[in-house]
Amino acid sequence: MRLVITGASGFVGRCLLATAARCGHTGMAIGRSPPENVPGGWIARSRADLLGSTPASPPADAIVHLEVRQSAGPRGNDTNDLYRVNVQGTEAWLEWAARSGIERFIFISSVMAVKRSAGPITEAAAPETCEPYGASKARAEAAVRAWVDSVPGRSAVILRPAPVYGPDGGSNLVNFARRVARGQPSLIGNGAARKSIVSRDNLVAAILHVASPTRLGCAVYNVADQEGHTIAELAALVADLTGAPSPRSVPLWVARVAAPVADAVGWLTGIDPPLSSPRVKAATKPGYFPCDRLLETGFVHPQSTRTGLSIMLEGLGLRTTTHVDSGSSAHPRTGG
């Protein structure tokens with residue numbers, strides 16, 4: 001396949017580009033500035049240059065849209081940037097795809113794009129309308145659906161990844177894992193909330209699995225590691241892999257009392273504190289997003305959560321026990 005990958009210089013984009021090249025795919029790697037050291041068969045372009053052009057013929061079989069802004073910052077003063085990047089940026093790539101004759105669009109959304117509820121949260125959940133990042137992703141999803149519906153023959157896949165982790169300091173679980181490995185308090189309350197996470201290799205495999213068109217219309221899939229864990233179970237896994245003591249916790253009532261003070265310090269300093277009201281909320285908020293629909297398409301996870309966490313911890317320079325998975329790197333099958 002020929003692919004256009006936006007956000008190719010990012011945490012997921014770099015891995016996707018390398019894995020796609022190993023699988024024999026070619027195309028264009030896009031970033032705010034042209035990505036460096038792209039594999040053979042790939043062309044590096046800047047976002048502005050490509051969006052300002054219209055190729056004479058379709059330059060790719062599909063666009064994989066990874067560009068994202070994930071945070072409004074501790075002072076919430078970047079909300080306009082969330083809309084500009086996540087909504088208007090997606091609309092710009094959809095318009096470019098239309099001009100370029102590309103009829104397949106793979107949009108990497110987020111589980112934050114839907115409202116939370118107790119129990120498993122499926123692809124049918126209602127769109128998020130309040131939380132700024134999730135609402136921006138929900139609006140971008142609506143733009144993708146409208147693009148598909150406007151012209152016969154188009155198709156799209158919306159992937160909603162759970163929080164992504166992997167072997168560098170940019171993944172979501174890094175601070176949590178470091179606190180566990182250092183024996184610092186890492187749990188708020190009993191850690192009984194069940195949470196979905198997804199390793200970067202598993203997400204990349206899922207993207208390539210759905211990249212080949214198999215049907216028209218727009219399909220939506222949650223993407224998560226196959227195993228579901230509570231926060232306490234994830235902490236125990238990290239402790240086991242790093243040889244750390246049993247994870248320590250902060251009583252929930254103490255966290256709730258201390259969080260407003262930490263929020264104020266964060267607002268004054270512009271620093272995101274380790275204890276905050278959003279983190280207390282996240283510790284008790286439902287967050288289990290099963291990926292049964294994706295599995296029904298024939299997708300097979302190349303990596304277990306234990307192996308993914310072990311690779312992440314090794315990338316952070318933390319001592320780990322041996323991890324062995326038959327297929328611990330992304331070797332995706334195509335389809336879906």
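The values are calculated or read from the model by the stated rules, or taken from the named source; none is laboratory data. These numbers were taken from a predicted model, which means no experiment stands behind them. Note that each Cβ is placed from the backbone with ideal geometry, even for glycine, and that neighbours are counted across all protein chains shown.
Observations, loosely collected:
- Qualifying residue in the range 236-254 (condition: under 22 Å from Cys15 (Cα atoms), in contact with a Phe, Trp or Tyr (Cβ under 8 Å, 6 or more places away or on another chain) and not polar (S, T, N, Q)): no
- When Gly27 is tested against (1) surrounded by 17 or more Cβ atoms within 10 Å (Cβ to Cβ); (2) at negative phi; (3) assigned to a strand (DSSP E or B), exactly one condition is not met: (2).
- Residue satisfying all of: in the range 243-256; surrounded by 11 or more Cβ atoms within 10 Å (Cβ to Cβ) and of a type in the set (A, V, I, L, M, F, W, C); nearest to Gly317 (Cα to Cα) among these: Ala244
- Filter result for the condition that a residue is in contact with a helix residue (DSSP H, G or I) (Cβ under 7 Å, 6 or more places away or on another chain), at pLDDT below 90 and more than 30 Å from Ala146 (Cβ to Cβ), over Ser277, Ser246: Ser277
- Test set (1) assigned to a helix (DSSP H, G or I); (2) surrounded by 17 or more Cβ atoms within 10 Å (Cβ to Cβ); (3) out of contact with any strand residue (DSSP E or B) (no Cβ under 8 Å at 6 or more places or on another chain); (4) not small (Gly, Ala, Ser) - Pro167 fails condition number: (1)
- Inter-residue pairs, beta-carbon under 6 Å, first at positive phi and in the range 294-305, second surrounded by 13 or more Cβ atoms within 10 Å (Cβ to Cβ) and modelled with pLDDT under 95, 6+ apart: Gly298/Gly335
- Evaluation of Glu227 against (1) more than 23 Å from Ser117 (Cα to Cα); (2) of a type outside the set (Phe, Trp, Tyr); (3) in a loop (DSSP other than H, G, I, E, B) (one fails), failing number: (1)
- Pair list, Cβ < 9 Å and 6+ apart or interchain, from the range 93-118 residues that are over 16 Å from Ala62 (Cα atoms) to residues that are of a type in the set (Phe, Trp, Tyr) and surrounded by fewer than 23 Cβ atoms within 10 Å (Cβ to Cβ): Ser110/Tyr133; Met112/Tyr133; Ala113/Tyr133
- Selection status of Ala140, within 16 Å of the chain's Cα centre (by Cα), under 30 Å from Trp253 (Cα atoms), among the hydrophobic types (A, V, I, L, M, F, W, C) and not in a loop (DSSP other than H, G, I, E, B): no
- For the range 1-42, the set of residues classified as touching a residue at least 60 places away in the same chain (Cβ under 8 Å) and among the β-branched types (Val, Ile, Thr) consists of Val4, Ile5, Thr6, Val12, Thr19, listed by residue number.
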